[in-house]
Amino acid sequence: HGTLLMDHTRVIDLTLRALWQDGDVLVPYSTTFDAQRQPMPYFDAHGMRLPDVYDERNGVSGLDRYRVALAHMAAHRRWSTPIFADNYSPAQRLAIECFEDARVDTLMLREYPGLRRVLQALHPIPLDGACNPATHSCLRHRLAMLSRALLDPPKRFEHPQLQEWVQRFSGL
């Protein structure tokens, strides 16, 4: 089912080399064994790890999902510096990851604006006011709202804090 990485390795590899000047090895990992917790694409010293198959999602083909995953990883490699998160709480790590993902996606979209459609289609659309801070920690919800607001140039959410952070990102 879906789009198999092994059937498109050459095209994906050429895209990575042409657009990002990155010739790292593409390494598939299986998604069939861990149904509860699916791994996310990542890179390490041995290559760029991608799922062995991607299904179409929200009108985005499996091939385009591979392309945007590789673009995101290549953007991290180009514009990020690794940090050691041993002294951070889980909430701090979550916030750092969200801000860094949003930062590299912002830089990536400046260079390759055609990826915006794919990112918007794959990003969840959080509902404004869906989380009640009186009963829940709304950190994940607010971070999802921020990352979505950064993908949608028109003012999407009315929170002044979100608007402030969207404005800060425009100065990158």
Checklist line | Relative contact order (%) - the chain, alpha-carbon pairs under 8 angstrom, separation at least six | finding: 18
Item checked: Within-14-Å neighbourhood charge of N132 [Cβ basis; K, R +1; D, E -1] -> +1
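How much length, in nm to one decimal, is gained on full extension between R93 and H123, taken as 0.36 nm per residue of separation minus their Cα-Cα distance?
Taking R93 through H123 to full extension adds about 8.8 nm, to one decimal.
Rounded to a whole number, what % of the accessible area of region 60-172 do carbon and sulfur atoms account for, probe 1.4 Å? Intermediate values should be presented prior to the final figure.
Numbers: 3810 of 6760 Å².
After summing per-atom areas, the C and S share lands at 56 percent.
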Check: Say a site is exposed when it is one of the GluC sites (Glu not before Pro), sits in a DSSP loop, and has at most 15 other Cβ atoms within 10 Å; what is then the longest site-free stretch of the chain?
Finding: 57-157
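Taking R0 as 25 Å, what FRET efficiency do you get between T31 and N58 from their Cβ-Cβ distance, rounded to the nearest 0.05?
Values: r = 18 Å, r/R0 = 0.72.
The computed FRET efficiency comes out at 0.90.
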Next item on the list: Between L119, L50, L127, find the one with the highest GNM mean-square fluctuation for the chain; connect C-alpha pairs within less than 10 Å.
Entry: L127
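Keeping all protein chains in place, calculate the accessible area per residue for the chain (probe 1.4 angstrom), answer in Å². Mind dumping the intermediate values first?
Working: 10920 Å² over 172 residues.
For the chain, the per-residue accessible area is 63 Å².
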Check: Rounded to the nearest 10 Å², what accessible area does Y88 show when all protein chains are kept and the probe is 1.4 Å?
Finding: 90
Checklist line | Under 12 Å, Cβ to Cβ, from T106 - net charge with Lys/Arg +1 and Asp/Glu -1 | finding: 0
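Which of the trypsin sites (Lys or Arg not before Pro) found in region 75-172 are loop residues per DSSP with 14 or fewer other Cβ atoms within 10 Å of their Cβ?
For trypsin sites (Lys or Arg not before Pro) across region 75-172 that sit outside H, G, I, E and B with at most 14 neighbouring Cβ atoms in 10 Å, the list reads K155.
Would region 88-127 count as rounded, prolate or oblate if I go by the C-alpha gyration tensor, calling it rounded below 1.5 in a/c and otherwise prolate when a/b exceeds b/c, oblate otherwise? Write out the running numbers ahead of the final one.
Details: a/c = 4.31, a/b = 1.62, b/c = 2.65.
The shape class here is oblate.
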Note to self: For the chain, which cysteines have no second Cys with its Cβ under 4.7 Å from theirs?
What the structure shows: C98
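The values are calculated or read from the model by the stated rules, or taken from the named source; none is laboratory data. Fair warning: this is a prediction, and the values are worked out from it, not measured in the lab. We place every Cβ from the backbone using ideal geometry, glycine too, and count neighbours over all the protein chains shown. Only protein heavy atoms, including side chains, enter the accessible area calculation; ligands, DNA and RNA are left aside. Shrake-Rupley method; radii C 1.70, N 1.55, O 1.52, S 1.80 Å.
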